[in-house]
């Protein structure tokens, strides 16, 4: 198996690289300096490097900043995905793209399935939805995930541990609900999808536990062995430029029906996360 991995040095991309290599697959992962995915000419030139799959883990992820930089978000998360999908098609490669729970508005009270209507609340979500449309237009596999955390970049649990160790007050939103997803476990699921040669379409892949950000913070500090008070607050008490979906739990039933094992429970994932942080 030969894979062209875009964004292979980010938080998820690093774990994807390691998972693919662990399986004995050949991985080509150009750096940001080597490839600008917003340049269609550069992207087209990658066709000769593509193998059986092109996997895109690159993204503009600054959710709040996207409100003031909608064009930049759309270029990376939307239009560039089309360039990559077209390149994959030219090379005869299958295409897999990573998306997000932010394509939903959070008004449901039960897990979102792949068939539920999308309705993003902000510029980040809108840009990611366009990316999904671009990927699907090129017969791509879209993997939606949520609340990602891993040791290879900035993440919510890393921030919670740092702030607690600095002795600063911690106030965390307790009225937004989702599924924390560990990058190493998501990488395994994505590799399983590739190994099974998943049909084009949308797939949800998230951690198995549902909780609020406040509970996620408490369980993070518990895993790190830190006894620290975390005050629960409402979304209204912590205003942000971008609206967040109040409920963005995704159902992973579709991939589980394919025989793909669920991810590890959050406490097991956090224990490994903390260990990898050192």
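Of 122, 106, all but one fail to be at positive phi and at pLDDT 95 or above; the exception is 106.
Within the stretch 102-117, the set of residues being in contact with a helix residue (DSSP H, G or I) (Cβ under 9 Å, 6 or more places away or on another chain) and assigned to a loop (DSSP other than H, G, I, E, B) comprises 104, 105, 111, 113, 114. Applying the condition of being more than 13 Å from the chain's Cα centre (by Cα) and in a loop (DSSP other than H, G, I, E, B) to the stretch 155-181 and asking which residue is nearest to residue 231 (Cα to Cα) yields 170. The set of residues from the stretch 215-241 being closer than 18 Å to residue 273 by Cα and crowded, with 18+ Cβ neighbours inside 10 Å comprises 215, 216, 217, 218, 219, 220, 221, 223, 224.
There is at least one residue in the stretch 130-138 that is over 20 Å from residue 248 (Cβ atoms), outside any helix (DSSP H, G or I) and in contact with a helix residue (DSSP H, G or I) (Cβ under 8 Å, 6 or more places away or on another chain). Does residue 251 meet the test of being within 30 Å of residue 118 (Cα to Cα) and within 21 Å of the chain's Cα centre (by Cα)? Taking the combined requirement at face value, the residue satisfies it. Anything in the stretch 31-61 that is more than 22 Å from residue 128 (Cα to Cα) and touching a strand residue (DSSP E or B) at 6+ places or on another chain (Cβ under 7 Å)? List them, or say none. Residues satisfying the conditions are 46, 49, 50, 51, 52.
Residue-level check: of (1) surrounded by fewer than 13 Cβ atoms within 10 Å (Cβ to Cβ); (2) at pLDDT 95 or above; (3) more than 19 Å from the chain's Cα centre (by Cα), residue 271 misses just (1). Please go through the stretch 220-237 and give me each residue that is closer than 23 Å to residue 145 by Cβ and touching a strand residue (DSSP E or B) at 6+ places or on another chain (Cβ under 8 Å), ordered by number. Across the stretch 220-237, the qualifying residue is only 235.
Within the bounds of the stretch 78-99, is there any residue that is surrounded by fewer than 16 Cβ atoms within 10 Å (Cβ to Cβ) and at positive phi? There is at least one residue in the stretch 78-99 that is surrounded by fewer than 16 Cβ atoms within 10 Å (Cβ to Cβ) and at positive phi.
The values are calculated or read from the model by the stated rules, or taken from the named source; none is laboratory data. Note that the structure is predicted; figures quoted are calculated from it, not measured. As a convention, Cβ positions derive from the backbone with ideal geometry for all residues, glycine included, and neighbour counts pool all protein chains shown.
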